[in-house]
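Quick note: the coordinates plus some simple rules give every number you see, no bench work behind them. Being a predicted model, the structure only gives us computed values, none of them experimental. Counting neighbours? That spans all protein chains shown, and the Cβs are built from the backbone with ideal geometry, glycine included.
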Amino acid sequence: MKDVVKLIIGILLVVVAQSCGQKDSIENSLNLTAPSGDLISENTLSLKKELSTVIAQKHGISGDDFQLTKIDYVPLETGYSATITYKYDNDKEDVIIKACNVRFTYVAQSIVIPDDKGRSASDRSILISCKSESGSCKPVATLGTDHELHYTCEGGDDSSLVFSFPDDK
């Protein structure tokens with residue numbers, strides 16, 4: 001009987017260790033180099049740190065209680081626009097966009113620009129997210145025929161684009 005209990009405990013430890021390893025593996029396998037050759041962050045840990053304040057405020061979670069799962073890029077020759085998918089609160093999913101050195105327009109009913117601590121936007125990356133009462137909106141980036149990026153909020157009639165600067169490293 002004791003051997004069976006030890007076997008079950010051993011199996012549970014292996015399963016837990018593998019699931020933790022899979023989460024780290026997903027984040028570590030993400031491509032941080034945009035099609036332009038620009039690096040969006042040094043590594044996934046520093047990227048999470050940059051995104052943490054905006055994500056924590058949006059979802060009411062602690063700063064590092066989310067997992068990066070996917071990064072999609074708009075194909076640009078210079079700069080980047082990266083749509084970053086993340087999971088939080090038992091596999092709820094959302095996205096945030098990190099952009100740098102891009103010219104863009106936006107379409108939204110309203111726009112929120114939080115206090116940027118007096119920093120200039122030139123040559124700095126910017127984070128683009130959405131907020132709404134329903135909580136179901138997501139930012140979307142599209143490249144127009146005019147070769148200009150267009151940002152919109154998808155989902156939720158009361159949605160607002162939120163532009164903010166990443167936290168300093």
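Before moving on, here are some points about what is shown:
- Shape call, the range 28-86: gyration tensor on alpha carbons, a/c limit 1.5: prolate
- The simple Förster model, with R0 at 41 Å and r as the Cβ-Cβ distance, assigns Y106 and S25 a FRET efficiency of 0.70.
- FRET efficiency for the N43 to D146 pair, using the beta carbon distance and R₀ = 35 Å, is estimated at 0.50.
- Added length on full extension, which subtracts the Cα-Cα distance from 0.36 nm per residue, K92 to Q57: 11.1 nm
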